[in-house]
Amino acid sequence: MGTARSGTGAARLFRGGRAAWRDPVLLPQRGETYSIATMLGFPGGVYAGGEGFVLWFFGYILLAAPVLFVLGPWIWRAGQLHGAVTIPDFFAAHFGSRALERVIALGAIALLLPIGTMQFAGIRLVLGALAPGVPMPLLLAGAGLVTLGYVLLAGLRAAAFVAVLKDALMLGAIVLVSALALAHWPSAPAPQVVAAPQVPVGLPFALSTIFVQALGFAMIPQNWAFLFAARGPQAIARAQAAAPLYMVMFPLLMAVAVFARRLGLPVAKPDFVFLATAQHVLPGWAVGVVMAAVVLAGLVILSSVCLAIAPLLTRNVLPGLDGAAQQRWAKAVMALFIALSAAGALAQVPLLATLNTVFYFGIVQTLPGFLAALWAPRASAAGLLAGLAAAALAILAMKLAGLGLGGINPGLIGLIANGAVLALWTRARPRRDGRSVIELLG
């Protein structure tokens, strides 16, 4: 049985809240699900793509809870078995491969960039409405500095407690805006023509995306960190049993989007529809509170992603650094992540939901390796690397060739290729001395 390296430096920064915060998985892990992508991306998708968009977004959020209910306790047990703090810690310890560790760490860092960009894209919409005369790069630079300062000063413990405030403000803002929208519901739709749908919402895409994103949710790096820090598998199961209660906000957000379409509200971008509705139904001071809730949602997610990226670099990509060097590298990589995310937001991606999809069809590719670690003692690090390479090549080939394959999410094609190559490699070149997680725990 392998043992992950002891946490120092950046890893200690991430784990610092464990002693004082009794059950980390109950708060910020849920906060990963409900953020700017919920408040702005979901109604924006409904506004641009019609009610069919609901099947995709609502479906994956609903299915993610039972997936994590099943896999979450096993992730916790696997982490305890190998003393892991990060996803690459586990894979390195279980399969005895530094190459696999670095590939997974670097891949996770790269795939988290769309999440950071998504938060800054939402913050950009708010800041642009609050200060239309100020250059956007200056506003985003200020938001980035606030985020970095908050992470460095507060760490995981503060993120846990701020998540409570964030959730309260989010739910309050959504309930308030949707209630007033329903109260002012127009008797007939406006004659204005709304822009054509911009989001692919065909049934094959929706169903395959639900599957990919629900499974991918269990493999998010910062979720693994929260699961490793949980008190036990029972706490994880209880958290997921209560998670669907948060979904009351989705019908309300859908009502906001439909209200804006029927009323013909002028919306510069689909993702602005929630804020545009708030401006229409609320007085100025209340709009400010709603915008504060949106910005806080983005900052909480940015801080948790920064705290997940730091140990990925200092523990898994650059191991062997002393405590002071770890702190320097952690600060540098967090600052770089924030800068790149802000720069990505300046590119003005059409829809936040697009970034969400890109993140998930990459992050889910570690799932076959984790399942192999649980049940397949003959699976090897080389097989996992071959599977990851097959997934990347399949997705890239589809994109370059413009293959739609009936609208199926590219992540599902990659996942199938990944699992098939891993299974064939394991059969052809099995690991002779391996033991599965279940065997080691038994």
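Data table
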read-out	value
Lysines with Cα under 25 Å of residue 269, excluding same-chain neighbours fewer than 8 positions away	166
Ordering of 116-125, 175-184 by burial proxy (mean other Cβ atoms within 10 Å per residue, highest first)	116-125, 175-184
Residue among 361, 381, 416 farthest towards the positive dipole end of the range 295-437, charges placed on Cβ	381
Distance in nm between pseudo-label sites at residue 165 and residue 400 (7 Å out along the Cβ direction from Cα)	4.9 nm
Label-point separation, residue 130 to residue 416 (7 Å along Cα→Cβ), nm	4.6 nm
Sequence ranges 207-215, 228-236, ranked by mean other-Cβ count within 10 angstrom, highest first	207-215, 228-236
Burial ranking of peptide ranges 320-331, 77-88, 295-306 (average Cβ count within 10 Å, highest at the top)	295-306, 77-88, 320-331
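Here, each number is a calculation from the coordinates, and none is a lab measurement. Computed from a predicted structure; not experimentally measured. For neighbour counting, all protein chains shown are included, and Cβ atoms are generated from backbone atoms with ideal geometry for every residue, glycine included.
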